[in-house]
1. Looking at A:Gly196 and the list (1) closer than 20 Å to A:Ala75 by Cα; (2) in contact (Cβ under 8 Å) with a residue 12 or more places away in the chain; (3) open to solvent by less than 40 Å² (accessible area, probe 1.4 Å); (4) away from chain B (no Cβ under 14 Å), which single condition is not satisfied?
2. Would you confirm whether or not segment B:142-159 contains a residue that is modelled with pLDDT of 95 or more and assigned to a helix (DSSP H, G or I)?
3. Which of the following residues is in contact with an Asp or Glu (Cβ under 9 Å, 6 or more places away or on another chain) and under 20 Å from B:Asp124 (Cβ atoms): B:Phe186, B:Phe250?
4. Out of all the residues in segment A:53-97, which are among the acidic types (Asp, Glu) and in contact with a strand residue (DSSP E or B) (Cβ under 8 Å, 6 or more places away or on another chain)?
5. Pairs, please: C-beta under 9 Å, at least 6 apart or cross-chain, first residue open to solvent by 30 Å² or more (accessible area, probe 1.4 Å) and in segment B:177-188, second among the acidic types (Asp, Glu)?
6. Report, by residue number, each residue of segment B:96-113 that is within 14 Å of chain A (Cβ to nearest Cβ), part of a loop (DSSP other than H, G, I, E, B), within 22 Å of B:Val257 (Cα to Cα) and open to solvent by 20 Å² or more (accessible area, probe 1.4 Å).
7. Please state which of the following conditions B:Thr225 fails to meet, knowing it meets all the rest: (1) open to solvent by less than 10 Å² (accessible area, probe 1.4 Å); (2) closer than 26 Å to B:Thr74 by Cβ.
8. Search segment B:304-315 for residues being open to solvent by less than 50 Å² (accessible area, probe 1.4 Å) and among the aromatic types (Phe, Trp, Tyr), and hand back the single one that is nearest to the other protein chains (Cβ to nearest Cβ).
Amino acid sequence: MVLIRRAPARPLIAAGWFPRWLKPLVFLLALSPLLWFVLRLGLLRPGDPVAVNPIETAIRFSGDQALTLLLVSLAVSPLRRLTGWAGVMRLRRMLGLFAFFYAAVHLLIYAGVDQFFDWAVIWADVLKRCYITVGMVAVVILLALAVTSPKGMVRRLGGRWWKRLHALVYLAAPLGVLHYAMMVKADLRTPLLYAGILAVLLLLRLPVPLRR
Amino acid sequence: MLLRHRRPWDLTENDTTPEALWASRRSFLHGGAALLAGAGVVVAASARAATPAGAGGIADPGPGLGGLPLPGITPRPDLAAPEPLTPWQAVTTYNNFYEFGTGKDDPARNAVGFKTEPWTVTVDGDVAKPGTYDLGRLLFGIGQEERIYRMRCVEGWSMVIPWVGIPLAELLKRVEPTGDAKFVRFETLHDPKRMPGQAWKVLDWPYAEGLRLDEAMNPLTLLATGVYGRSLPPQNGAPLRLVVPWKYGFKSVKSIVRISLVREMPGTSWARQAPQEYGFYANVNPQVDHPRWSQAKERRIGEFFRRDTLMFNGYADAVAGLYAGMDLRKWY
């Protein structure tokens, strides 16, 4: 299957298009689910299911956001490829950091609020529960990528090593989706949706020639 | 192992501590948790909303909540869990009822307008009086009781719920199981038009559950028709559901249309879905973990810290004898 026969003759979006408001807007969009969730908790609308089991709901919510942001950040380079819009690359680091941010919130609520820093139980979980092991590996990868995300780190690691390290996102994303798929009881629809989108985003990276 | 058997007439700390005192301790605990959690406002608020018994000793959902009170309910304080009730709001909006969607809040949304009248229940198999009965006729004359039971979900959360219903044993006596009957099988309505969750084959519809006949005849086993002194809302399994308080919640099959007395252990929905995770017995047991998570503790809805899960959900005195000599690791 040839996914992309040729690059658009004229980019759909000008390569250099990057208005000043774009980055703050994307920042707000990425943060808005968290703001919305906190608002719901704070407003305490009677009958809001968020209020019944807030810890469980917060864990699920943050995990969902982490996966979503991970997929969005993985959509950046295919987007450039398909549209010719090179400016989108300037959003990639921020989106990746947001994915890590939600994954960290997810982990902290699990460890700090749900298990209340009961390290023995948490460690037993990591060793014994396969889906937690898998999720933990994904978070550790995202942590390494977040720590090495500043521009200075590219210089210090050297471009080639930095690239190799950051290719680990191709491991973290499937592990994240697997973690989700492994913990659901019966309804695999949402994890399969994530898996499908991830598969498309990875397929779009296949080295199909863009120019003849 | 040292087991302390609490007799029904033994008082617990809850019985001997003035309510105001433990209420203030609870709110203190919740308050501390609140600061730590950030989400604690919610926790404390839902704890405050726990409702004491209304006039006549029947639990009241609170002003403006629920339908009309059901008449003629006999409270059974002797069987009541001595813990604060989970608020009506939580009991009726946080549900696992996949026939109406797999999200916790789906059933409350998707079950609005679910028609439960008329409703017939087919009784068949090894009974002297098989037939398809109108629900009202089937239950006619059996006294409704209020039973405040702990409900422990296999997912690790729990509630304290004031059910209204009849002992299943009363109904079984009415239809007269024959000597061949060894198990009871229950089936939920299968009607994708009325139960939108059934449009997707998440489980092998219709939902089926079962009990051994002696479990079914145990005086704790309840067929519920109401909650909080009101008719069951559809998301809670209207018009007729099972409540087996010493087993994980998924055993308590909802919206029952068929009760069959059978000779062999019947196949049950979750055990078919994932046999290594869910068994036929599904007794609450803190020592036997779900393969993917621990069952040692649970989060009581409205509380911040996890609490220890009790053997048979705290009903060991009444039911442990049913499983004497059985390896509960094998028969999970």
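1. (2)
2. No, there is no match, as no residue in segment B:142-159 is modelled with pLDDT of 95 or more and assigned to a helix (DSSP H, G or I).
3. Residue meeting the stated conditions: B:Phe186.
4. Selection gives A:Glu56 alone.
5. Here the result reads B:Pro177/B:Asp126; B:Thr178/B:Asp126; B:Gly179/B:Asp126; B:Asp180/B:Asp126; B:Lys182/B:Asp126; B:Lys182/B:Glu264; B:Arg185/B:Glu209; B:Glu187/B:Glu209, each pair linking segment B:177-188 to a residue that is among the acidic types (Asp, Glu).
6. B:Asn96, B:Thr102, B:Val112
7. (1)
8. It comes out as B:Phe304.
The values are calculated or read from the model by the stated rules, or taken from the named source; none is laboratory data. Model, not experiment: these values are computed from the prediction. Don't worry about glycine lacking a Cβ; one is built from the backbone with ideal geometry, like all the others, and counts go over all protein chains shown. Note: areas computed on protein heavy atoms with side chains; ligands, DNA, RNA excluded. Shrake-Rupley method; radii C 1.70, N 1.55, O 1.52, S 1.80 Å.
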